[in-house]
Amino acid sequence: MLDKSLAGFVSPFLRKQDFQLQQGQCHVTVSDLAAEWHWHRATVRSFLETLESLGQLERTRLPKSMVITMRLHDGNHVTPDIAQGKTGIVRQLNGILSGWVNGSITSDDAGIACGKVVHKAITDAGLKDELPEDDCHVTLMKLSERMDKRVLEIRNTAIECIVLAAMRKVLCRAKPDERMELTEYLCCDLEGRWPSLIDLSEELAEHIINLSKDKDIDYDDDRQVLLNNLHDPFMSVAAKALVKSADADC
């Protein structure tokens, strides 16, 4: 992307190009980038949105294409390597955390490795990897005011990856062969009604998440038995889905 912007690249697939490019700009399509990077179109869009949110580029959206403007300094250098954008950080963190989830590395080793990724992402962005001065026990609002928003975003990204990895680690303890029970319930009891499965899944998620927090939820006996019976199958499906999601990011 950097090379394209410096060279004033224009996608050869554009039938009509009437946009006058300025320094540090390129004219591309999502399909063009997806084919070149071997990514899904949705992944390309997400990647560009992330880089834009981190301030590494700007997009001018046209009917079937976009003009991308990279942040230039001195006419020769740009902001840090785009691989250190949010997508790159997530891939690195998930790769580390996958080892923690499957038990091949300890929590300490995973934490140290994740910390190094976060530190590198922050320093590569030309920012300072330090906590706010004064009292560390500040409210979230004060923290967001004192810490550079790009640093805060990188830290939050790491926290999100760790939280999801922790959920995967716990969910993976469910028996994988129990996943079929939920499929059987959809086909037999719900007669293939997907809206009913969606409603049931929401109820199961709420039941599981609030189980240890809220003891006042009142279910009738039959519903409680159903939720209890589908608890492990639901956890198994969730575990499988999270593993697939993490593998796709790595």
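The values are calculated or read from the model by the stated rules, or taken from the named source; none is laboratory data. Note that the structure is a prediction, hence the values are computed from the model and not measured. Backbone-built Cβ (ideal geometry, glycine too); neighbour counts: all protein chains shown. Surface areas here come from the heavy atoms of the whole protein model, side chains and all, with no ligands, DNA or RNA. Shrake-Rupley method; radii C 1.70, N 1.55, O 1.52, S 1.80 Å.
Structure above, values below:
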| read-out | value |
| --- | --- |
| Filtered residues of the range 9-66 (kept if part of a helix (DSSP H, G or I), of a type in the set (A, V, I, L, M, F, W, C) and loosely packed, with under 15 Cβ neighbours inside 10 Å) | Ala35, Trp37, Ala42 |
| Candidates Glu203, Glu191, Glu145, filtered to the one that is at pLDDT 85 or above and part of a helix (DSSP H, G or I) | Glu203 |
| Which numbered condition Ala238 misses (of (1) assigned to a helix (DSSP H, G or I); (2) open to solvent by 60 Å² or more (accessible area, probe 1.4 Å); (3) at pLDDT below 85) | (2) |
| Counted residues, the range 4-26 - those being of a type outside the set (Val, Ile, Thr), at pLDDT 75 or above and farther than 11 Å from Lys64 by Cβ | 14 |
| Cβ-Cβ under 6 Å pairs, at least 6 apart or on other chains, the range 85-96 side more than 14 Å from Lys244 (Cα to Cα), far side among the polar types (S, T, N, Q) and modelled with pLDDT of 85 or more | Lys86/Thr157; Ile89/Thr157 |
| Meets criteria (in contact (Cβ under 8 Å) with a residue 24 or more places away in the chain, touching a Lys or Arg at 6+ places or on another chain (Cβ under 7 Å) and within 30 Å of Asp148 (Cα to Cα)) for Met70 | no |
